[in-house]
Amino acid sequence: MSDSDSAVSASDPPPEPELADLLDELETLEETVDDPDERQQVRETIRVARRVQPSAFGRVIRGFDRHDAAEALVGSVLFGVPMLAEGGTLEIGTFLAANPAAFVGTVAASVALVVGVLYVAEIQQVEIYRPFFGVVPRRLVGVLAISFVTATALMTGWGRVEWSDPWLALCQVAVAFAPMSLAAALGDILPGS
């Protein structure tokens, strides 16, 4: 490396700070402030900073409202319609009905994928806000409920399931629910959706 190369790299600007960096700094400041009025002012600044949406990607997603529910519904319908037309959905549902462990595994894997998309993959910064019972995230419940109700309503409305055998119908709905729940999570958090 020549002297001119080291001079260029030394003069490169540091990476742009992100909103998460600002929140970390403010939270650190909050811990060090002794005066109650100043601490309250720092807390208010943190609340304002959390509402800042700098861009579609990298934004902090908080709460779960009608807009989020509509996005989840659109995502689940987009993936659900092809599942309803596919005959394999009913065949796999019949297999799940005969193998309860496979049914449980399918539902558990669906929930795990949604948790992964919302909270682990860090596609967006999704905060858990006012969880049910202090532990169950509202967004998770909303996305799963919307995709399950959508799968049930569409499969029933289009005559794809027969509720005279509720266990078989539930298993067939679970097959459609699996990709619909993933699509609902992505539809909810992806920008522009």
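One table, with the values for the structure above:
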item: In sequence order, calculated HN-Hα J values of region 150-161 (Karplus, 6.51, -1.76, 1.60; Hz; x Gly/Pro); result: 5, 4, 5, 5, 5, 5, 6, x, 9, x, 7, 10
item: At R0 = 35 Å, FRET efficiency that the Cβ-Cβ distance of Ala145 and Gln40 yields, to 0.05; result: 0.45
item: Estimated vicinal HN-Hα couplings, Hz - region 68-81 in sequence order (Karplus 6.51, -1.76, 1.60; Gly, Pro = x); result: 5, 4, 5, 5, 5, 5, 4, x, 5, 5, 4, 8, x, 4
item: Theoretical gain in end-to-end length, Ala49 to Thr32 [0.36 nm per residue, Cα-Cα removed]; result: 4.3 nm
item: Extension gain from His67 to Val81, taking 0.36 nm per residue of separation minus the Cα-Cα distance; result: 2.9 nm
item: Cβ-derived FRET efficiency at R0 22 Å, Glu162 paired with Ala98, nearest 0.05; result: 0.85
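Bear in mind these aren't lab numbers, they're just calculated from the coordinates by the rules spelled out. Just so you know, these numbers come straight off a predicted model, no measurement behind them. Counting neighbours? That spans all protein chains shown, and the Cβs are built from the backbone with ideal geometry, glycine included.
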